[in-house]
1. Rank 45, 51 by accessible area, highest first, at a 1.4 Å probe radius?
2. Full extension from residue 36 to residue 48: what is 0.36 nm times the residue separation minus their Cα-Cα distance, to one decimal in nm?
3. Roughly how big is the chain's charge dipole about its Cα centre, with Cβ charges of +1 (Lys, Arg) and -1 (Asp, Glu), in debye to the nearest 20?
4. Tabulate in residue order the Karplus-calculated ³J(HN,Hα) for segment 45-50, using 6.51 cos²θ - 1.76 cosθ + 1.60 with θ = phi - 60°, rounded to whole Hz; enter x for Gly and Pro.
5. For the charge dipole of segment 3-68, defined by +1 on Lys and Arg C-beta atoms and -1 on Asp and Glu C-beta atoms about the Cα centroid, which residue among 41, 10, 29 has the Cα displaced farthest towards the positive pole?
6. What spacing in nm lies between the two simple spin-label points modelled at residue 57 and residue 18, each 7 Å away from Cα in the Cβ direction?
7. If you roll a 1.4 Å probe over segment 3-68 with all protein chains in place, what percent of the accessible area is carbon or sulfur?
8. For the chain, what is the mean residue ellipticity at 222 nm derived from helices alone (per DSSP H run of n ≥ 4: -39500 (n - 2.57); sum divided by total residues; nearest 500 deg cm²/dmol)?
Amino acid sequence: MDFKRVKDYFYWLYFQYLLITCSYVLEPWERSMFDTILVTVLAMVLYTAYVFIPIHVRLAFEFFSQMFGGQPESTI
């Protein structure tokens, strides 16, 4: 594995991030604030997905299993 190629690839990904978000035109303090807010929002989205998606999947599974002839939990 060539570490220079990996380093160049990560540099390219970071450069793409700067271009897509247009944060290359920001001053350093503005870029750090933008990155902090972006990471905070992404962390909140991931946490919300981790907490609530399993509950919704379980409820949907129960709903569809009862809908298609499964036995209710009270009879098991």
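The values are calculated or read from the model by the stated rules, or taken from the named source; none is laboratory data. Please read these numbers as outputs of a predicted model, since none were measured by experiment. Positions of Cβ are backbone-derived with ideal geometry, glycine not excepted, and every protein chain shown enters the neighbour counts. The protein model used for the area step is the full one, side chains on, heavy atoms only, and it has no ligands, DNA or RNA in it. Shrake-Rupley method; radii C 1.70, N 1.55, O 1.52, S 1.80 Å.
1. 45, 51
2. So the extension gain works out to 2.5 nm.
3. 200 debye
4. Values per residue, Gly and Pro as x: 5, 5, 5, 4, 5, 5 Hz.
5. 10
6. 3.8 nm
7. The nonpolar share, carbon plus sulfur, comes to 77 percent.
8. -28000 deg cm²/dmol
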